[in-house]
1. For chain B, take the longest principal axis of its alpha carbons; what is the angle in degrees between that and the long axis of helix B:186-203, to the nearest 10 within 0 to 90?
2. Which whole-number percent is the relative contact order of region B:66-168 (Cα, under 8 Å, 6+ apart)?
3. Answer rounded, prolate or oblate for chain C, using the Cα gyration tensor with square roots of eigenvalues a ≥ b ≥ c: rounded when a/c is under 1.5, else prolate when a/b is larger than b/c, else oblate.
4. Given an 8 Å cut-off on Cα distances and at least 6 residues of separation, report the relative contact order of region C:2-242 as a percent.
5. If each of residue A:59 and residue B:1 carries a label point 7 Å out from its Cα toward its Cβ, how far apart are those two points in nm?
6. Please give the average number of partner chain Cβ atoms lying within 10 Å of the Cβ of each residue in B:183-192, rounded to a whole number.
7. Contact order normalised by length for chain B, with contacts defined as Cα pairs under 8 Å and 6 or more residues apart; what percent is it?
8. With a ≥ b ≥ c taken as the square roots of the eigenvalues of the C-alpha gyration tensor of region B:39-100, please select rounded if a/c is under 1.5 and otherwise prolate if a/b is larger than b/c or oblate if it is not?
């Protein structure tokens with residue numbers, strides 16, 4: 001017995017709508033990704049070799065010119081992409097692992113424990129990310145790419161935890177969670193099948209934003225000399241080196257600057273685009 | 001002159017017509033019911049009548065409220081109409097009242113506004129006395145306590161009574177009630193319906209009562225308009241529309257309501 | 001045959017504010033039971049207790065003669081296999097990110113029920129009057145009434161003995177409401193239904209027995225037609241007198 005009148009549902013889902021922000025974001029990030037992967041096999045020059053004169057402006061031989069030791073700047077910028085993406089991905093992965101776990105636990109916690117956790121997250125968030133990262137780097141006592149990633153991951157995890165806690169609480173209040181319990185599902189099963197998938201759209205947008213923040217933070221750390229030491233060619237370090245000669249050879253700062261800005265903007269656009277597109281309920285023809 | 005005359009009202013948003021070619025007349029003192037399910041456009045029609053449609057919804061056609069054209073009217077003209085000519089009671093008493101303002105003060109607002117409009121300035125004593133008067137009219141117990149209470153400190157039924165008091169305080173010619181009892185318990189609903197009927201009669205007001213609940217409408221209205229997906233499907237006196245519905249849709253609604261009614265057994 | 005017996009159950013979130021006082025009743029197989037009350041009556045609390053979401057402060061709930069023990073996993077598995085639920089809000093009771101197939105399959109999976117899950121799901125969809133192609137669609141593609149049907153399909157897919165319906169039609173339009181009530185009547189040939197509702201008309205249409213609740217106590221209980229014809233308690237009378245009736 002099918003009910004014809006009852007079946008006048010809204011029109012079925014349309015295909016994923018094209019989002020301009022998503023497309024542009026994907027292109028920018030994709031470009032950096034491609035370049036980063038490329039550096040694993042090939043770079044125009046050896047980054048440590050002095051292949052040109054000092055502080056040369058851009059030319060056909062050296063697309064971004066050379067640095068103060070005559071090394072090809074474009075090669076260093078390309079490798080910088082790899083560093084930036086590694087840092088971004090690593091920091092976000094660590095922040096996600098710590099933050100989501102703590103956030104979900106907090107969502108289940110009893111009133112007092114929840115208050116304590118929420119306050120803890122808020123206090124950690126109040127610390128400037130950079131300061132927190134510097135603290136962690138100082139604590140691990142070695143400046144390396146890994147310690148920078150770890151530091152940033154820990155610093156960002158508090159924001160992720162707070163967001164996860166609020167999103168998870170909202171989901172846990174929904175009737176479909178009660179229905180899942182009535183159906184016999186265990187709490188772990190409910191978390192993985194219902195809570196995480198429903199908070200993922202908002203979380204993933206946040207991750208994309210944190211990615212951009214992590215990259216800038218790492219650039220800042222390297223600029224201050226606290227990031228990975230040479231020969232790791234972080235854009236931050238390149239900026240710091242170019243600082244002294246910025247009036248005579250501006251391209252030394254402009255080139256890494258463009259690289260940094262383009263990747264971060266790309267990630268932000270990606271984040272916006274994901275939000276437009278991510279949810280099955282948004283794919284509705286209206 | 002009719003109090004409310006809606007002619008060929010169409011309300012569009014984007015490309016869609018949410019209300020199509022709707023016509024309705026309310027004479028002074030008349031009690032009219034507007035019946036529809038979700039998506040029927042009944043609430044939109046009511047909002048359009050006092051020029052309170054949300055932005056993005058464009059009304060076409062003619063709405064004459066006490067002889068004044070509402071569609072396209074400037075805000076000052078509409079403000080003059082609201083309250084004096086028509087007052088609104090909403091569905092959800094919890095959100096209809098300002099949660100941060102004491103009841104006494106909230107009821108005082110429309111009273112003070114009315115005095116200003118009439119060109120008189122009323123002293124505080126006078127306004128407080130009127131607030132008490134209206135709270136008494138809606139049969140609220142313990143008036144002193146309620147005047148000093150916040151909305152969350154009183155029950156849903158009491159909040160709805162306050163909302164009705166505020167609407168009454170405007171001394172409107174037309175009271176528009178949009179599902180005023182849907183969020184209330186059955187016993188409270190019965191009391192509020194009784195109150196509405198009495199007040200409307202005693203004050204000589206007209207009533208536009210919007211609901212999806214057929215027996216509830218039958219209790220308060222003399223005439224009824226049935227809306228479906230923005231279009232008028234049937235109109236007429238309650239007894240004939242419910243007793244011998246002409247349109248398929250009306251028949252279906254009446255049959256459904258009658259089925260539940262039958263299950264309740266003979267009326268006592 | 002008694003499915004569930006509730007014996008002198010009391011409940012309160014804190015000691016000072018009891019929500020239920022000394023409530024006792026039985027749910028019999030094949031006899032649809034209606035729990036009627038207004039806000040504050042305790043009907044939602046009784047439902048939570050029957051769903052094993054809370055423990056009574058005192059008193060015992062028995063299933064198949066055995067006292068309900070939320071910590072006994074095997075007992076709860078048997079209990080949940082026999083007792084399922086449908087909730088009031090069709091827009092919040094289905095996981096928006098799951099396809100209908102996964103939604104309906106959940107009890108089968110969680111309770112580890114053997115057999116062909118796909119066939120069971122298709123049968124459940126047919127029983128509630130939805131087309132089979134619904135399984136690959138998402139909840140937002142359906143109307144309120146259809147969503148309730150999906151929720152019902154989820155409730156019956158494991159072939160429970162009892163379905164607890166919490167105001168299951170209250171959020172629906174009149175025309176949809178009557179159709180879902182008819183569906184519930186149809187399903188009650190095989191499954192017993194306990195309907196919690198404030199709407200006496202709906203309860204009267206579906207349930208052979210009624211319990212009237214006021215402020216956490218049972219004030220009257222018995223066969224629906226008896227209570228409707230000869231209400232004894234003042235509250236029951238007031239309730240009946242308050243229900244708006246169609247003009248004669």
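1. Once rounded, the angle reads 80 degrees.
2. Working: 92 pairs, mean separation 40.4, N = 103.
Relative contact order of region B:66-168: 39 percent.
3. On the way: a/c = 1.88, a/b = 1.27, b/c = 1.48.
Oblate.
4. 27
5. 8.9
6. Partner Cβ neighbours, averaged per residue: 5.
7. Details: 479 pairs, mean separation 70.9, N = 268.
That works out to 26 percent.
8. Oblate, since a/c reaches 1.5 and b/c is not below a/b.
Throughout, read-outs are computed from the coordinates displayed, never taken from laboratory work. If you're wondering where the values come from, they're calculated on a predicted model, not measured in any experiment. Note that each Cβ is placed from the backbone with ideal geometry, even for glycine, and that neighbours are counted across all protein chains shown.
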